[in-house]
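Read-outs: derived from the displayed coordinates by stated rules, not from any lab. Everything numeric here is computed off the predicted structure, so don't read it as measured data. In this analysis, Cβ positions are derived from the backbone assuming ideal geometry, glycine residues included, and neighbour counts consider all displayed protein chains.
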Amino acid sequence: MKITAAVTESAHAPFALQELELGDLRADEVLVRVAAAGICHTDLIMRDQWYPVPLPAVLGHEGAGIVERVGSAVTQVAPGERVAMSFDSCGHCPTCRMGRPSYCHDFWAYNFASSRPDGTSALSREGELIHGHFFGQSSFATHAVASERNLVTLPDSIPLEVAAPFGCGIQTGAGGVLDALRAPAGSTLAVFGTGAVGLSAIMAGVIAGCTTIIGIDRIGARLELARELGATHVVDTGERDAPAEIQRITGFGVDFSVETTGVPGLLRQAVDCLAPCGTCGVIGAAAMGTEVSLDTNTILVAGRSVRGIVEGDSVPRSLLPRLITLWEQGRFPVDRMMTYYDFDQIDEAARHAEEGKVIKPVLRIGA
């Protein structure tokens, strides 16, 4: 069938809407008519080849839409159902069997290889292979091929354009606090970067009952929104030294910090601001080969920890319904950080995100 997709031809190239051919579904695949897709920082750094994702490709990994068809082996979703798409996983490696699919042993093959694990793609252009299946979806398109494992059915209460970013950025920030760090009530939290992931982490800190929540950024409007969404304090890195200010606010550092920017210097600060026995969660993606310098004794002497967090340690079918219920109750107002664009405005939306003009751009792709 013919579909329209935003194709990334080469590193730093614009997203180009093109007509592609989508091949037949396999037995374990699901065809989703995409209604909306969030643009994530990960999409942009893959376009720019921070990771060696093969091109030309269709990116997009925060899609939501309606199931149109299912393969013969699919049993958990049916045509007509409203779904959000999240990351994919193999389902049978040791970490998947432990209920930790975001650390799948084959995570690269199922998410970054931009193909099925066997190297094939459902997408083509006049006989030329176009890489698809990015994060098991490639949702910058009118239709996406997903699997049962990376679909979450949605209630009618949430609009699809609001639900779409839950599949990556929102669950990453919120899950990082609620499920990975498991911040208890009464704990203290510092969030470096108040983009979509960071603001989701701040809102999750409120839900968890953190008593001190500090948002750190250099964009004043984002810091203002962070306050409105629950940050008890904010630090403008253009005006103050973040670790020193955090020490001043708390007296001894924070129990938990979350680094969402991928900037090595900020990761160092996120570690340096920890209280004894504190934990820093590393969420922000940096270019392959990026290194950071830490003082060994900062970690050793006071029992501090540094750990990576992928997709918020999420099991999407468990976490997303919890977060959507909180959204329904008005306790997780993530739509306040969303700005909507038509599909043919994808380059403008991406540019606005890179310039810091918007926090979470969301493409309206179909009905």
With each label point set 7 Å from Cα along the Cα-Cβ vector, what nm distance links LYS2 and LEU300?
6.7 nm
Potential lengthening between ARG364 and ASP241 on full extension [0.36 nm per residue; Cα-Cα distance subtracted]
40.3 nm
So if the hydrodynamic radius of region 170-310 is defined as the Kirkwood radius over C-alpha pairs, what does Stokes-Einstein give as its diffusion coefficient at 4 °C and 1.567 mPa s, in µm² per second?
90 µm²/s
Counted charge near SER157, where neighbours are those whose Cβ lies closer than 11 Å (Asp, Glu -1; Lys, Arg +1)
-1
Given a 10 angstrom Cα cut-off, can you work out which residue in GLY63, GLY303, GLY132 is the most mobile in a GNM of the chain?
GLY303
Gain upon complete extension [GLU19, GLU224; 0.36 nm per residue less C-alpha separation]
69.6 nm
Which order results if ILE130, ILE170, ILE3 are arranged by neighbouring Cβ count within 10 Å, fewest first?
ILE3, ILE130, ILE170
³J(HN,Hα) across region 317-326 via Karplus (A = 6.51, B = -1.76, C = 1.60, θ = phi - 60°), whole Hz, x for Gly/Pro?
5, 9, 6, 4, x, 5, 5, 5, 4, 5
Work out, step by step, the length gained on full extension between GLU81 and GLN49: first 0.36 nm times the residue separation, then minus their alpha carbon distance; give nm to one decimal.
8.1 nm
Taking springs between alpha-carbon atoms closer than 10 angstrom, which of ARG218, ARG248, ARG268 fluctuates most in the Gaussian network model of the chain?
ARG248
Only four residue types carry charge here, +1 at the Cβ of Lys and Arg and -1 at the Cβ of Asp and Glu. Report the dipole size of the chain about the Cα centre in Debye, rounded to the nearest 20.
880 debye
Taking the Cβ of each residue in SER293, SER102, SER187 as the centre, tally the other Cβ atoms inside 10 Å and list the residues starting with the fewest.
SER293, SER187, SER102
May I ask you to derive the FRET efficiency for GLU348 and SER72 from their Cβ-Cβ distance with R0 = 41 Å, giving the value to the nearest 0.05?
0.50
Alpha-carbon centroid distance for the pair region 202-221 / region 236-267, whole angstrom
12 Å
For the chain, percent of DSSP beta bridges that are antiparallel (nearest 5) comes out at 55 percent
Given a cut-off of under 8 Å on Cα pairs at least six residues apart, what relative contact order in percent is computed for the chain?
17 percent
Report Rg/Rh for the chain, rounded to two decimals, where Rg is the Cα radius of gyration and Rh the Kirkwood radius.
0.97
Under the 7 Å Cα-to-Cβ spin-label approximation, THR153 and THR339 lie apart by a distance in nanometres of 3.7 nm
Arrange MET98, MET203, MET46, MET338 by Cβ neighbour counts within 10 Å, fewest through most, would you?
MET98, MET338, MET46, MET203
Taking Cα pairs under 8 Å and at least six residues apart, what relative contact order does region 170-310 come out at, in percent?
21 percent
Mind giving me the FRET efficiency for LEU129 and CYS93? R0 is 30 Å, r the Cβ-Cβ distance, nearest 0.05 is fine.
0.65
